Every structure is written in C-alpha cells, then in structure tokens.
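The next block holds one structure in the form of structure tokens; read it before the comments.
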Amino acid sequence: MGATRYAIIGAGLAGLTAAHEIRKADPEAVIHVFEAEDRIGGKLFTVPFASGPTDMGAEAYLALRSGATDFFTELGLADELVSPSGARSLVYTGGELKALPAGGVMGIPSHSAPVVHLVSPETAARIDAEGDAAPIDWQVGGDVAVGALVRERYGAEVVDRIVSSLLGGVYSSSADDLGVRATVPQLAQALDELAEAGEKVTLSAAVKLCEDRRTPRDPGATPTPVFAAFRNGYATLYEALAEKSGADIHLDAFVAGITRDLRGFHLSGPGVSTDGAYERLIVATPAPTTAVLIRQIAPESSAALKSVQLASSVLVGMKFDSDEGLPENSGVLVAIDEPEVQAKAFTFSSRKWPHLGERGGALVRASFGRFGDDAIVRAEEDLLVDAALDDLARITGFDGRAAGLAEIYVQRWFGGLPRYSAEHLATVAKVRDGISDVHGLELTGAWAGGVGVPAVIDHARAAAARLIQLG
Ligand SMILES: Cc1cc2nc3c(=O)[nH]c(=O)nc-3n(C[C@H](O)[C@H](O)[C@H](O)COP(=O)(O)OP(=O)(O)OC[C@H]3O[C@@H](n4cnc5c(N)ncnc54)[C@H](O)[C@@H]3O)c2cc1C
C-alpha cells in the first residue's frame with residue numbers, strides 16, 4: 001500500500017497545525033496544502049517594520065490554562081516566547097480614561113463596587129438589587145445574546161461601556177451580537193447549574209459562582225502571565241509549522257470546487273494543480289468559504305455553515321520616534337457609546353510588551369470596525385491614519401504627529417473573525433453531524449472551536465487526529 005494522501009485547504013494556523021500533526025503521526029504521508037494567498041499564516045501576519053518584526057494580525061495568545069505553550073515548546077519555540085509587562089488596560093468612557101473593572105466575568109460584575117466608577121448611581125443600585133428581581137427564564141444548555149441578558153438585568157451602561165468593549169476586543173462584535181455560551185461559557189455553565197439545582201437564577205449569582213471558583217493565587221508563587229507572544233512575531237510559529245510539517249505548500253492556489261468519487265477527494269480551482277485524488281481532506285478555511293467548498297460533498301453541513309457571519313476590522317500600526325506622553329498602560333478599549341471616537345481600541349504595544357519597548361520610541365496599534373460596520377474598514381488609508389492619530393490625541397493627549405510618525409502599516413481584515421452568535425454552537429453541532437458520514441473529511445478553523453490561537457490549535461489537532469486514526 002502506498003503512502004496516505006492528505007489535502008489541506010488553507011495555510012492559516014488551523015491548516016498548518018493540522019499538517020504538522022499529520023506529519024508527526026505519519027512520516028510517510030503525502031501532504032499537500034493549498035493556499036489562495038501568496039503567503040502562509042492567514043490571520044497571523046508578521047510585517048517587517050524597520051524597527052523589527054511586528055504582528056499586524058493576532059499579537060498574543062492566552063497562555064493561562066491553555067495547552068498552547070506546551071505545543072510551542074514541543075515545536076522547539078519555548079525560547080521565542082515573551083511575557084507582557086503587566087501594565088493595565090484602560091477603558092475610555094464618558095470622555096475619560098478609567099480603570100477596567102477587576103473581578104467579574106468579561107466585565108460583568110457580581111456587585112456594583114468594581115464598576116461604580118464606570119456607571120451611573122442608578123445602574124449601580126440596579127446591579128445590587130438584581131438578586132431580588134424576578135429570576136431569569138434560563139434554558140439549560142441553551143444560549144442567548146450577552147448584550148440582551150446583561151441589558152435586561154443590569155441596564156445598557158454595563159453593556160455599552162464595559163462588556164461590549166471587552167468582548168469587542170476579542171470578537172470584533174458588540175455584546176448584542178454574541179452568545180453567552182458561545183463566548184463566555186463559564187457563565188452559561190454557572191447559569192445552568194443554578195437552574196439545575198433549583199436555585200433562583202440571577203446574573204449576579206451566576207457571576208459570583210464563577211468568581212468563587214477561581215483558584216486563589218498562591219501568594220508565594222510567581223504568577224503565570226495570562227498572555228504570551230512570540231518575540232519576533234507569529235511568523236516564527238507559522239514558518240516553523242510549515243517547515244516541520246514537510247508539507248508541499250501550494251501558494252496562489254485558490255480551491256473553488258471539491259468533488260468526491262471512489263478514489264477520494266478531487267480539488268479544482270485557479271492555480272490548483274494536483275496529481276490525483278486525496279484519501280483524506282481537511283478544509284481549514286473561514287466558514288463562508290468552507291460552506292461553498294463542501295456544497296457537493298456535505299450539503300447539510302454546507303447549508304448550516306452558510307449562516308455563520310463574519311466581522312471585519314482594520315488595524316493601523318504606528319511607530320513613533322518618541323513615547324513621551326503615551327500613558328504607562330498596555331492599551332485602551334473605547335466604550336461603544338463614545339460617538340466622538342471612531343477607533344474601538346488602542347494597544348500601546350511598546351508599553352504592553354517589554355521586548356517591543358526595547359526598540360525605543362513608541363509602537364501603537366489602533367483598531368477600527370465591528371460586526372455590521374464594514375464602512376470604516378474600506379476607508380482610505382490617509383483617513384484611517386488621521387482618525388487613528390486624532391483619536392489617540394483626544395483620548396490620551398499623546399500627539400503622534402509631534403512625536404514623529406516614523407512608520408505606518410494599515411492592515412484590513414475583511415471577514416477577519418467569525419461571529420459567535422447565540423446560535424453559533426448549535427450551528428457547529430449541525431455541521432459536525434452533517435459530515436459524520438463523509439469518510440475522510442474534517443473541517444476546522446476559527447469558526448469551529450473558538451477564535452483564539454490556543455482554541456484553533458486544539459481543534460485542528462483533534463481534527464487531524466481523527467483522520468490519522470482512520471489509518
Ligand atoms: C485582527 C485580528 C486580531 C487577532 N488577535 C488575536 C490575538 O491577539 N490572540 C488570539 O489568540 N487570536 C487572535 N485573533 C484570532 C486568530 O488570529 C484567528 O482566529 C486564527 O489565526 C484563525 O486561523 P485559521 O487557520 O482558522 O483561519 P485563517 O487564518 O483565516 O486561515 C485560513 C486560510 O485559508 C485561506 N483560504 C481561504 N479561502 C481559500 C480557498 N478557497 N482556497 C485556498 N485557501 C483559502 C486563507 O487565505 C487563509 O490563509 C485575531 C484575529 C484577527 C482578525
């Protein structure tokens with residue numbers, strides 16, 4: 001019997017991780033990766049600034065309680081990992097910079113104290129009285145929008161000033177467009193538990209349950225940083241995965257169609273040249289693309305996946321000669337109800353990451369765009385840079401023009417992130433059901449098991465493992 005032939009569509013993190021996993025298990029496997037763009041990495045994209053390699057897509061990953069660091073260590077990249085400075089983030093609301101609330105879950109508090117500086121006295125009183133209000137009609141195992149739930153229990157200020165800013169930083173969507181179980185699963189689980197135990201289901205009680213479960217830090221131990229990053233950017237990771245996978249990576253290969261016969265899967269499309277059928281196929285593209293690609297081979301999954309929508313955003317990376325006057329914080333989230341400001345967040349990268357601070361000057365990433373608001377993502381480059389500089393000055397007082405704008409990079413991410421709506425998990429379950437009888441096919445990517453780097457890696461590894469088990 002000859003070597004097993006694998007095709008992978010998409011050379012983003014999911015596709016490359018899957019390729020590496022297959023190679024580890026089967027040194028003889030034939031692995032062909034087809035990538036539509038002229039480069040690998042997808043939403044991981046390290047740009048060569050004159051001052052050093054700089055990430056213009058994902059910039060960090062959640063290191064705490066994720067297996068990602070072990071995976072990177074296994075790849076031989078432990079020495080490339082760096083920790084943040086620990087500088088705090090701020091939120092811009094009511095025309096002022098304020099501290100982000102401590103405790104709670106995704107900015108949702110269990111009582112008013114952590115958020116009193118961010119909300120009106122009426123809202124603070126409402127939060128504290130929530131436990132006495134009529135219970136939430138919570139369906140165990142179900143999902144609702146985060147925005148709808150928090151708005152109903154605590155009022156709009158908590159959603160618009162705090163929760164949407166924090167969730168928007170991860171998902172490029174407001175809390176109204178995201179599901180509780182889909183994006184804050186520990187809170188959904190706490191609500192389930194209250195309902196199952198026959199206790200009164202309230203938001204404050206569920207958040208309190210989450211807070212109580214957090215393992216207190218051992219005061220003597222060195223705290224594990226919550227986030228980590230790659231010293232020279234994510235290129236270190238995607239290049240290592242590509243190399244170690246030993247896969248044959250075809251760039252500028254846009255897969256447009258997949259068919260299947262007794263010999264296996266056949267791929268076609270502009271720039272796609274293959275030397276025959278593939279017994280195993282992993283589709284690692286964004287949800288709408290995957291929906292189109294699997295139309296013939298898994299029509300039910302295709303139909304379900306079509307409902308997944310994407311959120312777009314644009315990043316403006318700016319390197320300044322001087323950092324004088326830039327706040328000593330890691331960044332600012334902008335409340336959704338700040339009409340004067342167009343940016344949704346700023347990362348003060350040179351403050352957040354000591355290895356970037358060492359380059360001298362200031363490195364700042366401005367981000368714009370939320371789900372449902374693509375117009376700004378299409379704006380002309382000059383307008384975006386002006387908006388970034390004006391908003392930065394308005395929010396922090398830092399005059400970027402006077403500080404010497406040495407380098408600028410504008411990166412647009414059309415459809416950069418899948419929207420994890422209240423229906424998302426049910427959709428994903430349907431998609432999985434729909435491919436259960438398509439032997440040799442796996443689907444993976446940011447829509448499948450979480451958008452964060454560790455979640456994408458875990459899902460891709462599991463998908464590859466299922467195919468490897470087929471022999
Ligand atoms: C702006 C931004 C910032 C982020 N920041 C962070 C962060 O700090 N930390 C974190 O953990 N996560 C972050 N994320 C999320 C994370 O980067 C992504 O979820 C992850 O990289 C997605 O990987 P993927 O392989 O699923 O998809 P992608 O990276 O989208 O890869 C899919 C690949 O498929 C290719 N493709 C598409 N169609 C075809 C086709 N027809 N034929 C062939 N190839 C095709 C694409 O070109 C692409 O290379 C961020 C995301 C964005 C957009």
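The values are calculated or read from the model by the stated rules, or taken from the named source; none is laboratory data. Source: prediction; values computed, not measured. So basically every Cβ, Gly included, is an ideal-geometry build from the backbone, and we count neighbours across all protein chains shown. Note: accessible area is taken over every heavy atom of the protein model, side chains too, but ligands, DNA and RNA are not part of it. Shrake-Rupley method; radii C 1.70, N 1.55, O 1.52, S 1.80 Å.
Of the residues making up the stretch 124-143, those that are within 13 Å of Leu203 (Cβ to Cβ) and assigned to a helix (DSSP H, G or I) are Arg126, Ile127, Asp128, Ala129, Glu130, Gly131, Asp132.
Total residues in the stretch 126-175 satisfying the condition of being farther than 15 Å from Ala422 by Cα, β-branched (Val, Ile, Thr) and crowded, with 24+ Cβ neighbours inside 10 Å: the figure is 5. Which of the numbered conditions does Asp137 fail, given that it passes all the others? Conditions: (1) closer than 24 Å to Gly94 by Cα; (2) modelled with pLDDT of 95 or more. Going through the list (1) closer than 24 Å to Gly94 by Cα; (2) modelled with pLDDT of 95 or more, Asp137 breaks only (1). Here is a check on your reading of the model: is Thr123 of a type in the set (S, T, N, Q), in contact with a Lys or Arg (Cβ under 6 Å, 6 or more places away or on another chain) and either surrounded by 20 or more Cβ atoms within 10 Å (Cβ to Cβ) or within 27 Å of Glu338 (Cα to Cα) (or both)? No: the conditions fail for Thr123. Applying the criterion of being touching a residue at least 12 places away in the same chain (Cβ under 8 Å), touching a helix residue (DSSP H, G or I) at 6+ places or on another chain (Cβ under 8 Å) and open to solvent by 70 Å² or more (accessible area, probe 1.4 Å) to the residues of the stretch 179-202, the residue that is farthest from Asp143 (Cα to Cα) is Lys200.
Before we move on, is Val255 out of contact with any Pro (no Cβ under 6 Å at 6 or more places or on another chain) and not assigned by TED's automatic domain parsing to the domain that holds Pro27?
In short, no.
When the stretch 398-446 is filtered for residues that are under 21 Å from Gly57 (Cβ atoms), charged (D, E, K, R) and buried (at least 21 other Cβ atoms within 10 Å of the Cβ), only Arg419 remains. Within the stretch 339-354, can one find any residue that is within 27 Å of Gln309 (Cα to Cα), among the polar types (S, T, N, Q) and assigned to a loop (DSSP other than H, G, I, E, B)? Scanning the stretch 339-354, I find at least one residue that is within 27 Å of Gln309 (Cα to Cα), among the polar types (S, T, N, Q) and assigned to a loop (DSSP other than H, G, I, E, B), so the answer is yes. Applying a threshold of 9 Å to beta carbon distances and a minimum spacing of six or more residues, or different chains, the list of pairs starting in the stretch 283-296 at a residue that is assigned by TED's automatic domain parsing to the domain that holds Gly257 and over 9 Å from Thr259 (Cα atoms) and ending at one that is more than 9 Å from the ligand (Cβ to nearest atom) and of a type in the set (Asp, Glu) reads Val283/Glu442; Ala284/Glu442.
Candidates Ser313, Ser302: the one that is assigned to a helix (DSSP H, G or I), within 16 Å of the ligand (Cβ to nearest atom) and open to solvent by less than 20 Å² (accessible area, probe 1.4 Å) is Ser302. If you filter the stretch 419-471 down to residues that are of a type in the set (A, V, I, L, M, F, W, C) and part of a loop (DSSP other than H, G, I, E, B), you find that the one that is farthest from the ligand (Cβ to nearest atom) is Leu470. Only one residue in Pro53, Pro84 is in contact with a Lys or Arg (Cβ under 6 Å, 6 or more places away or on another chain), open to solvent by 30 Å² or more (accessible area, probe 1.4 Å) and within 16 Å of the ligand (Cβ to nearest atom), so which one is that? On inspection, the qualifying residue turns out to be Pro84.
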